[in-house]
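> For reference, the structure I am asking about is given below.
The values are calculated or read from the model by the stated rules, or taken from the named source; none is laboratory data. Everything numeric in this text was worked out from a predicted model, so none of it was measured. So basically every Cβ, Gly included, is an ideal-geometry build from the backbone, and we count neighbours across all protein chains shown. With ligands, DNA and RNA removed, areas are computed over all heavy atoms of the protein, side chains included. Shrake-Rupley method; radii C 1.70, N 1.55, O 1.52, S 1.80 Å.
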Amino acid sequence: REHEVDRLFEAVKRSSRFLARDTCIIALSFFCGLRAQEIAYLELRDITDASGVLHDRLAVTPKAGKNGKPRVIPLPAAAKEALAAYLAETGIESGPLFFDQFQRPMTPTAVHKQIPRIGERAGFDITSHSGRRTCLTLAARKAHLVGGSLRDVQLLAGHASLATTEKYIEAS
């Protein structure tokens with residue numbers, strides 16, 4: 001639910017040592033539907049043009065995508081704002097976007113563990129896939145409002161089969 005997502009962002013603000021980074025991680029999971037692996041392997045070039053301006057989309061590279069499948073997905077305003085704030089704070093000029101407390105690039109396992117930690121601080125029992133499920137469920141519910149279909153949600157998710165996408169969508 002949207003108010004529960006807001007609670008996650010509030011928990012990040014309240015208790016995160018890495019406010020901008022963790023805000024981006026939650027935004028990319030819940031607003032873009034990215035997997036932990038896709039978040040961990042994001043690089044600056046995947047979200048900006050050659051002059052460093054943020055795109056309105058992000059590229060999931062073969063390295064990041066499940067089974068080496070690339071895709072391009074829209075970058076919603078909330079995720080774009082979080083990324084802009086993070087880039088302004090960190091000054092990253094190239095390479096990986098997210099780093100651990102020792103300034104090493106975050107691994108998929110680190111992202112996979114960080115999302116439940118944030119959820120715990122907000123009073124939720126979530127997994128690294130909770131944001132993805134939420135994003136895809138909301139996209140499926142709203143697709144018809146913009147002339148979209150479940151096939152469009154399938155493309156957003158990067159699923160080969162519509163049956164896989166349907167498993168992600170919670171009934172209302």
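> Select from the range 100-133 the residues that are among the basic types (K, R), exposed (fewer than 15 other Cβ atoms within 10 Å of the Cβ) and outside any loop (DSSP other than H, G, I, E, B) and list them in ascending order.
K113, R117, listed by residue number.
> Just for the range 137-151: of the residues that are over 20 Å from R7 (Cβ atoms) and open to solvent by less than 40 Å² (accessible area, probe 1.4 Å), which one is nearest to the chain's Cα centre (by Cα)?
A139
> Can I ask one more? From the list R7, R17, R21, pick out the single residue that is closer than 21 Å to I118 by Cα, open to solvent by 10 Å² or more (accessible area, probe 1.4 Å) and outside any helix (DSSP H, G or I). Please lay out each step first, then the result.
Numbers: R7 fails: outside any helix (DSSP H, G or I); R21 fails: outside any helix (DSSP H, G or I).
Step by step, each of R7, R17, R21 is checked, and only R17 is closer than 21 Å to I118 by Cα, open to solvent by 10 Å² or more (accessible area, probe 1.4 Å) and outside any helix (DSSP H, G or I).
> Show the residue pairs that are 6+ apart or on different chains and have beta-carbon atoms under 6 Å apart, the first residue being within the range 140-166 and closer than 17 Å to F31 by Cα, the second being open to solvent by 70 Å² or more (accessible area, probe 1.4 Å).
Taking only residues 6 or more apart or on different chains, the pairs are A143/D152; G158/K69.
> A follow-up question, please. Return yes or no: is E38 acidic (D, E), surrounded by 14 or more Cβ atoms within 10 Å (Cβ to Cβ) and under 19 Å from C135 (Cα atoms)? Don't jump to the end; show me each part of the working.
Values: acidic (D, E): yes; surrounded by 14 or more Cβ atoms within 10 Å (Cβ to Cβ): yes; under 19 Å from C135 (Cα atoms): yes.
Taking the combined requirement at face value, the residue satisfies it.
> Sticking with this one: Being in contact (Cβ under 8 Å) with a residue 12 or more places away in the chain and open to solvent by 60 Å² or more (accessible area, probe 1.4 Å) is the filter here; which residues of the range 66-80 pass it?
K66, K69, V72, P74
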